[in-house]
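Working notes, beginning with the structure itself.
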Amino acid sequence: MTTMSLAKGVNAGLRSAMEHDDRVLVMGEDIGRLGGVFRVTDGLQKDFGPARVIDTPLAESAIVGTAIGLAMRGFRPVVEIQFDGFVYPAYDQIVSQLARMHLRSGGVTTLPIVIRIPFGGGIGAVEHHSESPEAQFVMTAGLKVVTCSDPGNAYAMIQQAIACDDPVIFFEPKRRYWDTADVDLSAEPQPLFASQVVRSGTDVTVLAYGPTVRTCLDAAEAGALDGLELEVIDLRTLSPLDLDPVFASVRKTGRAVVVHEAARTLGVGAEVAARVSEECFFSLEAPVLRVTGYDLPYPPSRVEDDFLPDLDRVLDGVDRVLEG
Amino acid sequence: MHLIDHEPVQLLTPDGVRVAHPEYSYAGDDSDIRLLYRDLVLVRRIDTEATALQRHGELGLWAPLRGQEAAQVGSGRALLPQDFAFPTYREHGVAWCRGVDPIAMLPMFRGSALSGWAPEEYRLAVPSIVIGAQTLHATGYAMGLTLDGQVGHQDPDRDAATIAYFGDGATSQGDVNEAFVWAAVFEAPVVFFCQNNQWAISAPASRQTTVPLAQRAAGFGFPGIRVDGNDVLACQAVTAAALHTARDGGGPTLIEACTYRMGAHTTSDDPTRYRDAEELAAWEAKDPLTRVRTYLEAVGTPPTFFDDLDREAELLGERLREGCKALPEPDLATLFDQVYAGGSPELAEQRRTYEGYRGSFEESAS
Ligand SMILES: Cc1ncc(C[n+]2csc(CCOP(=O)(O)OP(=O)(O)O)c2C)c(N)n1
């Protein structure tokens with residue numbers, strides 16, 4: 001067992017992937033000498049050199065666009081977008097190029113690229129540094145989208161994402177970067193594209209991913225004091241969704257709440273709620289509820305606590321789904 | 001293979017000596033220079049004070065401009081009231097020149113609002129955090145000035161231009177290069193003012209370009225010029241000339257102000273991880289304030305001028321400290337109404353939900 005932070009978990013996973021495959025490259029703004037603004041790539045350039053750990057010019061479209069070319073040449077680029085709000089200059093390359101190349105080439109060209117994006121709020125940042133744009137990638141066919149939520153799965157998932165032959169958007173919950181846990185580096189990880197029950201319960205199924213997994217586990221802890229047994233599922237993979245464990249859970253509890261920081265409209269919660277309704281209609285005791293950010297641009301940081309789903313709002317959602 | 005003069009335009013040496021340049025001269029007299037010096041000192045004070053406010057937890061973040069005062073004050077004072085400026089998060093000195101109350105520079109960094117002023121009031125856009133985006137806005141606004149017939153009358157009260165501020169890092173962005181193309185083909189009255197402060201966070205300027213940035217303009221079809229960004233007189237003169245050309249219908253200019261970010265990128269940054277102390281020391285010797293003071297003392301400015309200015313800076317600092325703490329706290333509820341000009345029934349509904357939820361706590365508390 002090694003105690004490490006989530007940031008360190010990604011770092012160790014990147015290091016391991018680079019050691020195992022010399023075609024793995026790491027690129028992005030400030031990721032080399034500085035080690036990234038969150039220090040996720042700390043030490044990699046020192047150990048693997050500037051040819052494999054590339055400090056790029058300041059241009060996100062170029063970061064993704066050149067990664068596509070490098071991948072066509074047989075490399076496995078792992079690119080960092082410094083903050084969620086700065087992925088949009090690369091959006092065209094991601095949506096129109098990266099996501100479609102496999103189909104466009106008649107199923108021949110693979111682009112094993114990982115785009116790492118620190119996402120979500122809760123760190124008191126200025127505008128564009130707290131966004132949750134995951135749905136915009138989930139709705140794009142051709143991309144796989146995953147979110148880690150703790151140091152252990154960060155370590156495993158980043159390696160699995162790099163090994164994946166499809167492009168993977170890899171969301172890292174930035175306000176959990178400094179959370180620590182004991183990680184067994186030799187443990188056999190569960191498959192990348194699988195959700196995971198992280199706490200068993202019988203009353204309500206609570207679905208979360210990324211930063212809200214911790215929030216929901218805390219809510220479950222608090223709910224237990226009132227005799228509520230919440231089952232918490234970490235979705236982990238947003239595209240493809242792995243909902244069989246969710247359906248099984250909802251058939252047991254009859255109630256589900258989906259929790260995410262991203263806005264409500266057309267968020268991941270909307271898709272999950274629709275599919276749960278389709279699959280578990282006759283097991284549901286109440287409509288599936290969403291506890292999410294509001295349909296606003298991310299607010300100034302001094303009111304972000306009002307915007308973000310916290311323990312109280314999760315429990316409020318749970319109360320409502322129990323009444324419903 | 002260098003296509004332009006490397007030597008930046010300089011009118012005041014680091015030793016405080018005024019020098020002549022074949023093309024550019026500073027039009028003001030010593031009393032104007034005293035006013036510029038006052039700007040430099042007060043802007044530095046705002047910066048120092050805001051940095052301290054961040055350290056004390058009153059601001060979430062601050063982007064220090066220390067070292068770039070001359071570039072910002074020189075160019076900012078070259079603007080006419082009818083011109084329109086498009087800043088980044090670091091242009092506190094430009095905001096000062098546009099008449100923005102320094103307290104209004106703080107909300108975006110305190111996290112109490114997304115910005116601190118109404119753009120039309122100061123003819124200063126809200127700062128762009130997304131690197132490079134504002135250069136296109138400046139270009140479009142300039143195209144609008146042309147469409148509205150506010151260019152090319154040789155009428156200083158009527159003709160107008162825009163200025164776009166950005167850094168060396170920004171020059172790598174597609175948006176900035178696209179702005180250059182558009183400004184060129186539409187002969188837009190825009191001045192691209194690049195503060196090459198040598199660093200984009202940890203990336204040295206050499207990661208963005210292998211030629212002087214000013215040289216890039218030629219490829220797009222308009223003039224580029226390098227100026228000593230720590231020389232307020234040169235920055236004023238060069239920007240005034242470029243703005244004049246733009247207002248006159250002569251199209252865009254790229255100005256590369258060679259300067260140095262003496263502080264951290266932001267208060268979250270630790271520059272010792274990527275740059276040497278010697279580099280900083282070399283630039284400290286070229287400090288933009290010292291040279292003006294040396295000059296002003298040499299021409300016989302009375303010591304009382306400097307003492308009074310120190311006192312004024314003290315008072316400004318005090319005002320800023322108090323004003324920061326007195327900034328109104330934001331209310332999430334009001335944001336629901338500001339997203340759309342025409343409102344939105346869905347957001348109105350979400351506002352009610354939010355207020356109802358919030359109210360439920362107040363009820364249970366009472
Ligand atoms: C599109 C985009 N990508 C990345 C960032 C993160 N970021 C903020 S400032 C900065 C460096 C900017 O350097 P430069 O343009 O030279 O301006 P300076 O900060 O030095 O004034 C970066 C990478 C951003 N704000 N916007």
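Where in region A:290-324 is the amide nitrogen less than 13 Å from a point lying 7 Å along the Cα-to-Cβ axis of B:Ser360?
Those under the cut-off are A:290-292, A:310-324.
Using the Cβ atoms and a cut-off under 12 Å, what net charge is assigned to the surroundings of B:Gln236, where Lys and Arg are +1 and Asp and Glu are -1?
Combined, the nearby Lys, Arg, Asp and Glu give -3.
Name the most mobile residue of A:Ile94, A:Ile63, A:Ile123, meaning the one with the largest mean-square fluctuation, in a Gaussian network model of chain A with Cα contacts below 10 Å.
A:Ile123
When the accessible area of region B:304-347 is computed with all protein chains present and a 1.4 Å probe, what percentage of it is carbon and sulfur? Show your work: numbers first, answer last.
Working: 1420 of 2730 Å².
Carbon and sulfur: 52 percent of the exposed surface of region B:304-347.
Could you tell me what fraction of 2.2 N^0.38 Å the Cα radius of gyration of chain A comes to, as a two-decimal ratio?
Rg over 2.2 N^0.38 Å, computed on Cα atoms: 0.97.
How large is the accessible surface per residue of region B:155-247, computed with a 1.4 Å probe and reported in Å² as a whole number?
On the way: 2740 Å² over 93 residues.
Using a 1.4 Å probe on heavy atoms only, each residue of region B:155-247 averages 29 Å².
Counting partner chain Cβ atoms within 10 Å of every residue's Cβ in B:328-334, what's the average?
4
Let me see the pair-distance distribution of region B:82-228: every alpha carbon pair, 10 Å bin width, integer percents in order.
The distribution over region B:82-228 is 11, 39, 36, 14, 1, given as percents.
What total accessible surface area, summed over both chains, is buried at the interface between chains B and A, computed with a 1.4 Å probe and given in Å² to the nearest 100? Intermediate results must be reported in sequence, preceding the final value.
Values: alone 16880 and 13620 Å², together 27250 Å².
Interface area, both chains combined: 3300 Å², rounded to the nearest 100.
At A:Glu229 and A:Ser200, where each label point lies 7 Å from the Cα along Cα→Cβ, what is the point-to-point distance in nanometres?
Those two pseudo-labels are separated by 0.9 nm.
For chain B, modelled as a Gaussian network with Cα springs under 10 Å, which listed residue fluctuates most, B:Gly224, B:Gly342, B:Gly250?
B:Gly342
Where the accessible area of chain A is counted over protein heavy atoms with a 1.4 Å probe, how much of it, in %, is carbon and sulfur?
50 percent
Mean-square fluctuation check for chain A, GNM, Cα pairs under 10 Å: which of A:Arg236, A:Arg76, A:Arg199 is largest?
Maximum fluctuation in the GNM of chain A, among the listed residues, is at A:Arg199.
Rounded, prolate or oblate: which fits region A:41-147 when a ≥ b ≥ c are the square roots of the eigenvalues of the alpha-carbon gyration tensor, with rounded for a/c under 1.5 and prolate only if a/b beats b/c?
It comes out oblate by the Cα gyration axes.
When all alpha-carbon pairs of region A:1-87 are counted, what percent fall beyond 16 Å?
The proportion of pairs with Cα distances above 16 Å equals 50 percent.
Would you mind putting B:27-37, A:128-138, B:64-74, A:261-271 in packing order, based on average other-beta-carbon counts within 10 Å, highest first? Spell out each step's value before the answer.
Working: B:27-37: 14.6, A:128-138: 22.5, B:64-74: 28.4, A:261-271: 20.5.
Averaged packing, sorted descending, gives the order B:64-74, A:128-138, A:261-271, B:27-37.
Could you give the spread of the C-alpha atoms of chain B along their three principal axes, from largest to smallest, in whole angstroms?
Here the spans come out as 75, 49, 43 Å, largest first.
In terms of Cα to Cα distance under 27 Å, which lysines are near enough to A:Lys144, apart from those fewer than 8 places away along the same chain?
Within the straight-line cut-off, A:Lys144 pairs with A:Lys8, A:Lys174.
Which value, in Å², gives the accessible area per residue of region A:2-183 when a 1.4 Å probe is used on the protein heavy atoms?
34 Å²
May I ask you to find the residues of region B:273-309 that are shielded by at least 30 Å² of accessible area once the whole protein assembly is considered instead of their isolated chain (probe 1.4 Å)?
Going by heavy-atom accessible area, the residues of region B:273-309 that drop by at least 30 Å² are B:Arg273, B:Tyr274.
Give me a single rounded figure for A:28-39: the average over its residues of other chain Cβ atoms within 10 Å of their Cβ. Provide the component values of the computation, followed by the final result.
Values: counts 0, 8, 10, 1, 4, 6, 9, 3, 1, 6, 0, 1.
Taking the mean over all residues of the peptide, I get 4.
Working from the alpha-carbon coordinates of the protein assembly as shown, get Rg over Rh, Rh being the Kirkwood radius. Write out the running numbers ahead of the final one.
On the way: Rg = 27.3 Å, Rh = 27.2 Å.
Checking Rg against Rh, the ratio lands at 1.01.
What is the packing order of peptides A:241-247, B:351-357, taking the mean over residues of other C-beta atoms within 10 Å and listing the highest first?
Details: A:241-247: 17.9, B:351-357: 14.0.
Put in order of decreasing packing, that is A:241-247, B:351-357.
Jot down the radius of gyration and Dmax of region B:231-362, Cα atoms only, both in angstrom.
So, for region B:231-362, Rg and Dmax equal 24.8, 69 Å respectively.
With both partners inside region A:196-323, how many of the DSSP beta bridges are antiparallel, as a percent to the nearest 5?
Working: 4 of 17 bridges.
Given both bridge residues lie in region A:196-323, the antiparallel proportion sits at roughly 25 percent.
Tell me whether region B:130-216 comes out rounded, prolate or oblate; compute the Cα gyration tensor, take square roots of the eigenvalues as a ≥ b ≥ c, and use a/c under 1.5 as the rounded threshold. Don't skip to the end; give the middle numbers.
Numbers: a/c = 2.59, a/b = 2.37, b/c = 1.09.
Because a/c hits 1.5 or more and a/b exceeds b/c, region B:130-216 counts as prolate.
Per-residue Cβ counts within 10 Å, from other chains only, averaged over B:198-205: what number is that?
Going residue by residue through B:198-205 and averaging, the value is 4.
If you take every DSSP beta bridge whose two residues both sit in the protein assembly as shown, what share of them, in percent to the nearest 5, is antiparallel? Don't skip to the end; give the middle numbers.
Details: 13 of 70 bridges.
That works out to approximately 20 percent antiparallel.
Any chance you could get the radius of gyration and Dmax over the Cα atoms of region A:160-225, in Å?
Cα radius of gyration and Dmax of region A:160-225 are 14.4, 45 Å respectively.
Using the per-residue mean of other Cβ atoms lying within 10 Å as a proxy for protection, in what order, highest first, do the peptides A:35-45, A:153-163, A:179-189 fall?
A:153-163, A:35-45, A:179-189
Determine how many Å³ per residue the convex hull of the Cα atoms of region A:96-187 encloses.
Given the Cα convex hull of region A:96-187, per-residue volume reads 93 Å³.
The values are calculated or read from the model by the stated rules, or taken from the named source; none is laboratory data. Everything numeric in this text was worked out from a predicted model, so none of it was measured. Positions of Cβ are generated from backbone atoms using ideal geometry, with glycine treated the same way; all protein chains shown enter the neighbour counts. The area values use the complete protein model at the heavy-atom level, side chains included, leaving out ligands, DNA and RNA. Shrake-Rupley method; radii C 1.70, N 1.55, O 1.52, S 1.80 Å.
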